[in-house]
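Note sheet for the following structure.
The values are calculated or read from the model by the stated rules, or taken from the named source; none is laboratory data. In this text, all values refer to a predicted model and were calculated from it rather than measured experimentally. Every residue, glycine as well, gets a Cβ built from its backbone with ideal geometry; the counts of neighbours run over all protein chains shown. The protein model used for the area step is the full one, side chains on, heavy atoms only, and it has no ligands, DNA or RNA in it. Shrake-Rupley method; radii C 1.70, N 1.55, O 1.52, S 1.80 Å.
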2 protein chains.
Amino acid sequence: MQAIRRLVAHHALTPGDKLPSIRKFARDMAVSPSTVVEAYDRLAAEGLIRSRLGSGFYVLANAVAPRTADVAPPIDRAVDPFWVSRQSLDAGREMLRPGCGWLPPDWMPLAAIRRAMRAVAKTDDAVLVEYGSTRGSLALRRLLARQCLSEGIEIGAEQVLLTMSGTHAIDLICRHLLRPGDTVLVDDPCYFNFRALLQVHSVRIVGVPYTPAGPDIALFEEALAAHRPRLYLTNSALHNPTGASLSPQTAHRLLTAAAANDVTIVEDEIFADFEPEPSARLAALDGLNRVIRIGSFSKTLSASIRCGYIAAREDLIDSLIDLQLAIGFGGPSPVAAELVLRTLGDGSYTKHLNGLRVRLARRRREMIAELAKLDVRPWTLPRGGFYLWCQLPRATDASDVATRALREGVVLAPGNVFSVTQTATEFMRFNVAQMDSDVLKRLQRALEQPAIPSLP
Amino acid sequence: MQAIRRLVAHHALTPGDKLPSIRKFARDMAVSPSTVVEAYDRLAAEGLIRSRLGSGFYVLANAVAPRTADVAPPIDRAVDPFWVSRQSLDAGREMLRPGCGWLPPDWMPLAAIRRAMRAVAKTDDAVLVEYGSTRGSLALRRLLARQCLSEGIEIGAEQVLLTMSGTHAIDLICRHLLRPGDTVLVDDPCYFNFRALLQVHSVRIVGVPYTPAGPDIALFEEALAAHRPRLYLTNSALHNPTGASLSPQTAHRLLTAAAANDVTIVEDEIFADFEPEPSARLAALDGLNRVIRIGSFSKTLSASIRCGYIAAREDLIDSLIDLQLAIGFGGPSPVAAELVLRTLGDGSYTKHLNGLRVRLARRRREMIAELAKLDVRPWTLPRGGFYLWCQLPRATDASDVATRALREGVVLAPGNVFSVTQTATEFMRFNVAQMDSDVLKRLQRALEQPAIPSLP
């Protein structure tokens, strides 16, 4: 394949030219004819050459290689939720990412995933090539229903709908329940992508100040009265970005207020598996009456094997099935569901989770101590997970620091991308699993540099 | 695991009870302690039992197995696009599906997919567990760009965006370009799910009668003048459901008319790989100026490994990246992209496609002959693919036949689910790859039974 590519690149073979016969080229290259056949087939699959039945292979017109380098994330862009997503996802391998929302690969259950892959390589034909059922893998939905039961949420597999991802699950629910102009309550601060997602739905977004025990319940009740929201979107366990968890009292009052105002609650439990012991769950208190539970495996299993789920009332699930059919045809990838099922069922997975909790607890302690030396202090002490929501030294603009840090090769997550009211100017979300002495050194430089004019 | 499950099922172990110690249970079952440890870990992962640090394993409250059977598709539902999707996706294995839109598993490149799976099981950690780049796998986008070049569409990898599926790609574009109340032109008949998808976007759907050479160009021009549509959504190669392909003259006039009226065209090429030789392509004539090309691997590679793509102007791709981030976070599954890349690059894939074309050509001939015996005749003779769009015997209502066929264990695709104007009452789409003598026998019975009152 290289030899042919070189001949084309140097115009020794030009569009329309016939390639050497398989027998001749095999002789010239001193390989077997079958090797040449496979090389020609692959080059044909790539669109570089083409076979004409009975008359051999020809170089195609426009058989030119497209631009080779990938597109770097835009650097001259306002620091908004998309700034963080694009920087963390598209930054080159050399960049350090304490601002990103996932664990480094070597913290993930790689051995179990590779075992699952080898097992799926041997599984039924239908799983490998057919569209799945509309709700997705029954076996995985049963396992998720059993996990819900163990938290006191009594549901059957028919109340679980698999989706492409946790975010995709929230988008489905918003498309079904929201109309332009509706109002949605979120926590302030909240996961930055909630803001981006809700903007797509053209709804009014109202932020309720968050406390270390959950949303400020008095202000939550005021917001219900003042704005008559349709939906409240939150994380109860290890809230993103603060790492705080909902207290039982706040959970109870919140649910009572939501019921009085007929508000639907979407509880995104993506970080739940990082908790040492489950904290208060709105879904458990409510029994999935007005609460919709979202789950995902991106943080503890894999973000590459895309799969999330919705647990909700059966009538709601039934409507969401039609919606997911219309916009994606069929359920989520059966191969992905099978990989998740086998990894969750792998004997090592429980050990993996226990190991993660211990390792993260140690890392959080270490980083709290290191950050204190830079006068960067956590707003609260999370009981699990990899986030620290920190106050920067007085009068430091986190967005300026983030912009400067890019030039130091560090992607950060500045406070205001998480804040509807833009009142988190001096805050920064750190991912302790992505931090080391090198990150801290560069962070220190970014903190000390003189402020540069912030971008338009 | 079975032994413990049985004990719980028969209430020999009730919620809160401590399980036998690992050593004791290993002795009782005559297995090694490590076997028991793994069994307990798996039961814990399933939420049936729970380990308390240092004090062993306990049966969880509500450790009850949820309902075991999955939900059957609703039978008493109006025959609409969702009726076909749900019947074909959720019907039990025993159902025959000449109405579905995919090939049987044994027609797919299973060996190449299993090879790809085993290879991916050994690939880089990051591919297995990290979110991908926002555009998706660069290697796959390069391969797709080269395939476009071979059709005369000169683009670079930066003009390709990977998506969760072809349908998901169309939905992304609609979310970006359409507003409620806009008008969209589709072919009449068109792929039934286009109707379901466009309804989600609250747009006016106008159907243009389809001819064996493409849309009726005179009526297409009239529709442009009368309805000022924003978008035209079509398949140029092996149109679904008719199997017809666009003629060069129709393609040229259509593109000229679209340009004069500033209409964007979405060309869904999901069936292109079934063509013996490429037919006219709007994307090629236009050079991706106002044409957006959609591709997918669901029909020739796998519908389970969800991956599709959009090829378009770079400014449009850039906007779609933000939208895909907001609604799904990150690009499509890197694992899925890697599986597609390796299967496409597998030396056997070109042979697989050639084999499919030959096998389908023979099957189309056979089924045309068999259906003729039932007085069921194709509207046109497709040059590729697995669809036959057929006229039923005079005064036969295809929806009645489809409803009766369900009771015969056959899922059909009646004409009006494909028709915006509901003018395909006597037509039926058949998938020749899903047909055999048994299907034909049952179809004959469904055709001969007296009409039953159609559903509300």
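Key figures
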quantity	calculated
Convex hull volume per residue in cubic angstrom - Cα atoms of chain B	194 Å³
Cβ-Cβ FRET estimate between A:His227 and A:Arg377, R0 fixed at 35 Å, reported to 0.05	0.60
Within straight-line cross-link reach of B:Lys441, lysines at Cα separation under 16 Å, skipping those fewer than 8 residues along the same chain	B:Lys373
Largest to smallest principal axis extent of the C-alpha atoms in region B:110-344, angstrom	57, 39, 30
Per residue accessible area of the protein assembly as shown, 1.4 Å probe, in Å²	37 Å²
Value of [θ]222 nm, deg cm²/dmol, for chain B, DSSP H segments ≥ 4, -39500 (n - 2.57) each, nearest 500	-13000 deg cm²/dmol
Anchor B:Lys351: aspartates and glutamates whose Cα lies under 18 Å away (excluding residues fewer than 8 positions away in-chain)	A:Glu38, A:Asp41, A:Glu46, B:Asp106, B:Asp273, B:Glu275, B:Glu277
Those residues of region B:197-211 for which accessible area with every protein chain present is at least 10 Å² below the isolated value (1.4 Å probe)	B:Leu197, B:Val200
Shielding by other protein chains, B:89-96, mean Cβ within 10 Å	2
Rg/Rh for region B:101-157, where both radii come from Cα atoms and Rh is the Kirkwood radius	1.07
Segment B:Asp106-B:Ser34, extension gain: residue separation times 0.36 nm, minus the distance between their alpha carbons	22.0 nm
Peptide-level mean, for B:119-125, of C-beta atoms on other protein chains within 10 Å	4
Value of D in µm² per second that Stokes-Einstein yields for region A:291-334, Kirkwood Rh from Cα pairs, at 4 °C (1.567 mPa s)	111 µm²/s
Karplus-derived HN-Hα couplings along region A:389-397 (A = 6.51, B = -1.76, C = 1.60, θ = phi - 60°), whole Hz, x at Gly and Pro	9, 10, 8, 7, x, 2, 6, 9, 8
Expected-Rg normalisation [2.2 N^0.38 Å, Cα atoms] applied to region A:351-456	1.09
Region A:110-344 - percent relative contact order, Cα under 8 Å, separation 6 or more	28 percent
Rounded D (µm²/s) - region A:60-198, Kirkwood Rh over Cα pairs, Stokes-Einstein at 10 °C, 1.306 mPa s	80 µm²/s
Selection of trypsin sites (Lys or Arg not before Pro), region B:109-139, meeting DSSP coil and at most 11 other Cβ within 10 Å	B:Lys122
Simple label model, 7 Å out from Cα along Cβ direction - A:Arg115 to B:Arg204, nm	6.0 nm
Nearest-first distances (nm) between copies at B:Ala226, label 7 Å from Cα via Cβ	5.2
Table column - 3J(HN,Hα) (Hz), region B:42-49, Karplus curve with 6.51, -1.76, 1.60, x for Gly and Pro	5, 4, 5, 4, 7, x, 7, 10
Net charge contributed by nearby residues that have their C-beta within less than 15 Å of A:His201 (K/R +1, D/E -1)	+3
Label geometry 7 Å along the beta-carbon vector: A:Arg445 inter-copy distances in nm	7.8
Volume per residue of the C-alpha convex hull in region B:131-197, rounded to whole Å³	133 Å³
Sequence-distant lysines (8 or more away, or on other chains) whose Cα lies within less than 17 Å of B:Lys122	A:Lys122
Positive-pole candidate from B:Gly331, B:Tyr191, B:Ser304, dipole of region B:110-344, charges at beta carbon	B:Ser304
Ellipsoid equivalent to region A:244-394 - semi-axes via the Cα gyration tensor, in Å	31, 24, 14
Region A:2-59: Cα Rg divided by the 2.2 N^0.38 Å rule of thumb	1.02
Estimated FRET transfer efficiency (B:Ala126, B:Ala259; beta-carbon r; R0 35 Å; 0.05)	0.20
Carbon/sulfur fraction of accessible area - region B:152-292, other protein chains in place, 1.4 Å, %	50 percent
P(r) of the protein assembly as shown over all Cα-Cα pairs, binned every 20 Å from zero, in whole percent	14, 44, 34, 8, 0
R0 of 45 Å, Cβ-Cβ distance B:Asn354-B:Glu448: FRET efficiency to nearest 0.05	0.70
Globularity ratio of region B:201-265, using Cα Rg and 2.2 N^0.38 Å	1.06
Whole-number Å³ per residue for the convex hull built on Cα positions in region B:356-400	71 Å³
HN-Hα J in Hz across region B:272-278 - Karplus 6.51, -1.76, 1.60, θ = phi - 60°, x for Gly and Pro	3, 5, 7, 6, x, 10, x
Long-range amide H partners of A:Thr183 with built H, under 5 Å	A:Arg204, A:Arg230
At 7 Å out from Cα toward Cβ: B:His11 inter-copy label distances (nm, ascending)	8.8
Inter-chain Cβ neighbour average for residues B:346-359, partner chain, 10 Å	3
Buried solvent-accessible surface, both chains (B, A), 1.4 Å probe, Å² to nearest 100	9200 Å²
